[in-house]
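S.K.: Supplied in structure tokens, the structure appears directly below.
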Amino acid sequence: MTRAVFQATGRRKRAVARVYLTPGKGNILINKRPIDEYLRRAPLMTVVRQPLVEVDLESDYDVKINVKGGGLTGQAGAIRLGIARALLQVNVDFRTPLKRAGFLTRDARMVERKKYGQPGARKRFQFSKR
């Protein structure tokens, strides 16, 4: 008998997370490491668990995540979106609570590029009349 695996992708800033949801006991592995060892900050762990808590399935599914790019905060946001998208494959009825909580919205904000003739994206070099 094959186990059901629900796969989804989440992105935020430069981070990309591939999420695999399988029926289990609620273990979360990020890059083959436990969540508390990888993220190390309680608010980020809360962000990652939010979609599972919203639909009351935090102890019903094991989550295996491959994430790369960006920093820890961006990665946590990417994982949250990936988990929310994978939960939609589990049950379509989860769409309403997840959408209401804002977990299915891709955050499109990205770093603005640096422009030539300037030291940064918006900052200008110091102006002097002489």
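Any read-out appearing in this document is the output of simple, stated calculations on the displayed coordinates, not a laboratory observation. No experiment lies behind these values; they were computed from the predicted model shown. Every residue, glycine as well, gets a Cβ built from its backbone with ideal geometry; the counts of neighbours run over all protein chains shown.
S.K.: For the pair ARG95 and LYS129, how long in nm is the line joining their label points, each one 7 Å along Cα→Cβ?
M.R.: 6.4
S.K.: For the chain, set up a Gaussian network in which alpha carbons nearer than 10 Å are linked by springs, and say which option among LYS115, LYS99, LYS68 fluctuates the most.
M.R.: Maximum fluctuation in the GNM of the chain, among the listed residues, is at LYS115.
S.K.: Out of segment 26-130, which GluC sites (Glu not before Pro) are coil in DSSP terms and have no more than 15 other C-beta atoms within 10 Å?
M.R.: On the way: sites: GLU37, GLU54, GLU58, GLU112; in loops: GLU58, GLU112.
The qualifying sites are GLU58, GLU112.
S.K.: Given a cut-off of 25 Å, name the pairs among LYS64/LYS99; LYS68/LYS123; LYS99/LYS123; LYS13/LYS115; LYS13/LYS123; LYS32/LYS114 whose C-alpha atoms lie farther apart than that in the structure shown. Please list the in-between numbers first.
M.R.: Numbers: LYS64/LYS99 23 Å; LYS68/LYS123 29 Å; LYS99/LYS123 37 Å; LYS13/LYS115 19 Å; LYS13/LYS123 21 Å; LYS32/LYS114 35 Å.
Over 25 Å Cα-Cα: LYS68/LYS123; LYS99/LYS123; LYS32/LYS114.
S.K.: A follow-up question, please. If Lys and Arg each add +1 and Asp and Glu each add -1, what is the summed charge of the other residues whose beta carbon sits under 12 Å from the beta carbon of MET45?
M.R.: Numbers: positive: ARG40, ARG41, ARG49, ARG80; negative: ASP36, GLU37, GLU58.
That works out to +1.
S.K.: OK, next. First measure r as the distance between the Cβ atoms of ASP56 and ASP107, then evaluate 1/(1 + (r/R0)^6) with R0 = 25 Å and state the FRET efficiency to the nearest 0.05.
M.R.: Working: r = 25 Å, r/R0 = 0.98.
Approximately 0.55, to the nearest 0.05.
S.K.: Take PHE6, PHE127, PHE103 and order them by how many other Cβ atoms sit within 10 Å, fewest up front. Numbers along the way, then the final one.
M.R.: Details: PHE6 18, PHE127 5, PHE103 21.
If I rank by nearby Cβ atoms, fewest first, I get PHE127, PHE6, PHE103.
S.K.: Counting only helical runs of four or more DSSP H residues, what would the 222 nm mean residue ellipticity of the chain come to if each run contributes -39,500 (n - 2.57) and the total is spread over all its residues? Before the final figure, lay out each step's value.
M.R.: Numbers: 4 runs with 44 residues, N = 130.
Value at 222 nm, helices only: -10000 deg cm²/dmol.
S.K.: What area, in nm² and to one decimal, does the C-alpha convex hull of the chain cast on average over all directions? Don't skip to the end; give the middle numbers.
M.R.: Values: hull surface 43.2 nm².
Hull-based average projected area comes out at 10.8 nm².
S.K.: A follow-up question, please. Can you compute the modelled spin-label distance between LEU72 and ALA121, with each label point 7 Å from Cα toward Cβ, in nm?
M.R.: Taking the two extended label points, one gets 2.3 nm.
S.K.: Quick one: if the Förster radius is 22 Å, what FRET efficiency do GLU37 and GLN7 give, using the C-beta to C-beta distance and rounding to 0.05?
M.R.: Working: r = 23 Å, r/R0 = 1.06.
That gives a FRET efficiency of 0.40.
S.K.: For a quick check of your reading of the filter: which trypsin sites (Lys or Arg not before Pro) in segment 1-54 sit in a DSSP loop and have no more than 14 other Cβ atoms within 10 Å? Walk me through the numbers on the way to the answer.
M.R.: On the way: sites: ARG3, ARG11, ARG12, LYS13, ARG14, ARG18, LYS25, LYS32, ARG40, ARG41, ARG49; in loops: ARG3, LYS13, ARG14, LYS25, LYS32, ARG40, ARG41.
Sites meeting the loop and neighbour criteria: ARG3, ARG14, LYS25, LYS32, ARG40, ARG41.
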